[in-house]
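Read through the structure below, which is laid out as structure tokens, and then see the notes.
No value in this document is a laboratory result; all are computed from the given coordinates. All of these numbers come straight from a predicted model, not from anything done at the bench. So basically every Cβ, Gly included, is an ideal-geometry build from the backbone, and we count neighbours across all protein chains shown.
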Amino acid sequence: MRSKRIAALALTTWSVIVAFGSASHRAIAAAPTTRPEFEAAPIHSTWEDLLEGVETLDQWRDRKETIRRQFLELIRDDRKPAKPPLDLQVQETADVDGLYTRKLISYNVEADERAHAYLAIPRSLTGPTPAIVAL
């Protein structure tokens, strides 16, 4: 009798796992992706030839815009995702030895991803002062 109950419980558990598992797979498959699919365009330059023939400041000045365009092509700047709203959030604030305030902040870097960083702000500010951002 006990083995029949265990078998029935195992079968029921397996059925629930299969039912919920397949439903969640369908939901995941149907969910829209945040990164659009795209066909990669051919690149007509390489990292090696980016500065080829540039040995003086005058040569740099003459080719600066061409080099910039080639660099942006290499990193596929035209295919970058749209910038999401920054949505800066302070996660926690701490006083560090009375010298500075340390804030753990987060902000959007992509539609589905946040970066976290520490922001250190000196306590004795008397005007414009640099801060430290540690990523």
- In terms of the Cα gyration tensor, with a ≥ b ≥ c the square roots of its eigenvalues, is the range 56-135 rounded because a/c is under 1.5, prolate because a/b exceeds b/c, or oblate? oblate
- Ranking A82, P42, L72 by how far each Cα lies towards the positive end of the charge dipole of the range 41-83 (+1 on Lys and Arg Cβ, -1 on Asp and Glu Cβ), the top one is A82
- Item | Rounded, prolate or oblate (a/c below 1.5 giving rounded, otherwise prolate when a/b exceeds b/c) for the range 89-134 by Cα gyration tensor | prolate
- Task: For the range 89-134, give the magnitude of the charge dipole about the Cα centre (Cβ charges: +1 Lys/Arg, -1 Asp/Glu; no others), in debye to the nearest 20.
- Result: 220
- Of Y107, L125, T93, which is farthest along the charge dipole of the range 89-134 in the positive direction, counting Lys and Arg as +1 and Asp and Glu as -1 at C-beta? L125
- Task: Once you have a ≥ b ≥ c as the square roots of the Cα gyration tensor eigenvalues for the range 62-107, tell me rounded if a/c is under 1.5, and otherwise prolate or oblate according to whether a/b is larger than b/c.
- Result: oblate
